[in-house]
Amino acid sequence: MNKKTIPDEVKEDALHAIERFNLREAEKTAFCYIARFQGKYLYLDRDECGNVGPICRLEYKGNGKPWGFAIYKYSSDCYDPRECWFPGFELADGTVEGALKAGTETYG
């Protein structure tokens with residue numbers, strides 16, 4: 001397996017997790033998450049009435065391993081995997097669902 005790409009079955013699982021989260025949270029929020037895959041990364045963006053913006057990035061570390069997490073920092077226009085002082089950081093637990101929860105807590 002090429003470590004630079006995410007296997008298709010892992011991508012499918014991630015997309016299903018995002019879909020479940022969006023359906024569950026749709027009644028409470030005015031946004032939904034969308035995924036972008038690039039190499040070993042899964043980018044989670046948020047769509048608010050057609051206005052799409054970055055929230056966080058997950059890094060695929062291998063089958064069965066926790067995803068790496070990096071929050072998007074608007075102040076520096078970059079993803080920062082070392083940043084851990086933001087609302088919701090404790091929710092980023094190495095899962096796609098945890099990243100979605102952390103992003104929602106951070107950017108409300």
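The values are calculated or read from the model by the stated rules, or taken from the named source; none is laboratory data. Since we're looking at a predicted model, the values are computed, not measured. For neighbour counting, all protein chains shown are included, and Cβ atoms are generated from backbone atoms with ideal geometry for every residue, glycine included. These accessible areas exclude ligands, DNA and RNA; they are computed on the full protein's heavy atoms, side chains included. Shrake-Rupley method; radii C 1.70, N 1.55, O 1.52, S 1.80 Å.
Of Ala30, Tyr74, Tyr60, which is farthest towards the positive pole of the chain's charge dipole, taken about the Cα centre with +1 and -1 on the beta-carbons of Lys, Arg and Asp, Glu respectively? Of the listed residues, the answer is Tyr60. Only helices enter this figure: runs of n ≥ 4 DSSP H residues, each worth -39500 (n - 2.57), summed and divided by the residues of the chain, yield -9000 deg cm²/dmol at 222 nm to the nearest 500. Length gained on full extension, Glu27 to Asp47: 5.7 nm, using 0.36 nm per residue less the C-alpha separation. Taking 0.36 nm per residue of sequence separation and removing the Cα-Cα distance, the Trp85/Gln38 pair yields an extension gain of 14.3 nm. The charge dipole of the stretch 34-108, taken about its Cα centre with unit charges on the Cβ atoms of Lys, Arg (+1), Asp and Glu (-1) only, comes to about 320 debye. For the stretch 1-38, the set of trypsin sites (Lys or Arg not before Pro) satisfying both a DSSP loop assignment and a count of at most 11 other C-beta atoms within 10 Å is given as Lys3, Lys4, Lys28.
Per residue, the accessible area of the chain comes to 61 Å² when a 1.4 Å probe rolls over the protein heavy atoms.
Extending 7 Å from the Cα toward the beta-carbon at both Glu19 and Glu105 defines two label points whose distance is 2.7 nm.
Which trypsin sites (Lys or Arg not before Pro) from the stretch 58-108 combine a DSSP loop assignment with at most 13 other Cβ atoms within 10 Å?
Numbers: sites: Lys61, Lys73, Arg82, Lys101; in loops: Lys61, Arg82.
Listed in order of number, the matching sites are Lys61, Arg82.
Within the chain, the ratio Rg/Rh, alpha carbon atoms throughout and Rh by Kirkwood, equals 0.94. Length available on full extension from Thr95 to Lys61: 0.36 nm per residue minus the Cα-Cα distance, which gives 11.1 nm.
Taking the accessible area of the stretch 1-104, probe 1.4 Å, and keeping the other protein chains in place, the carbon and sulfur fraction comes to 52%.
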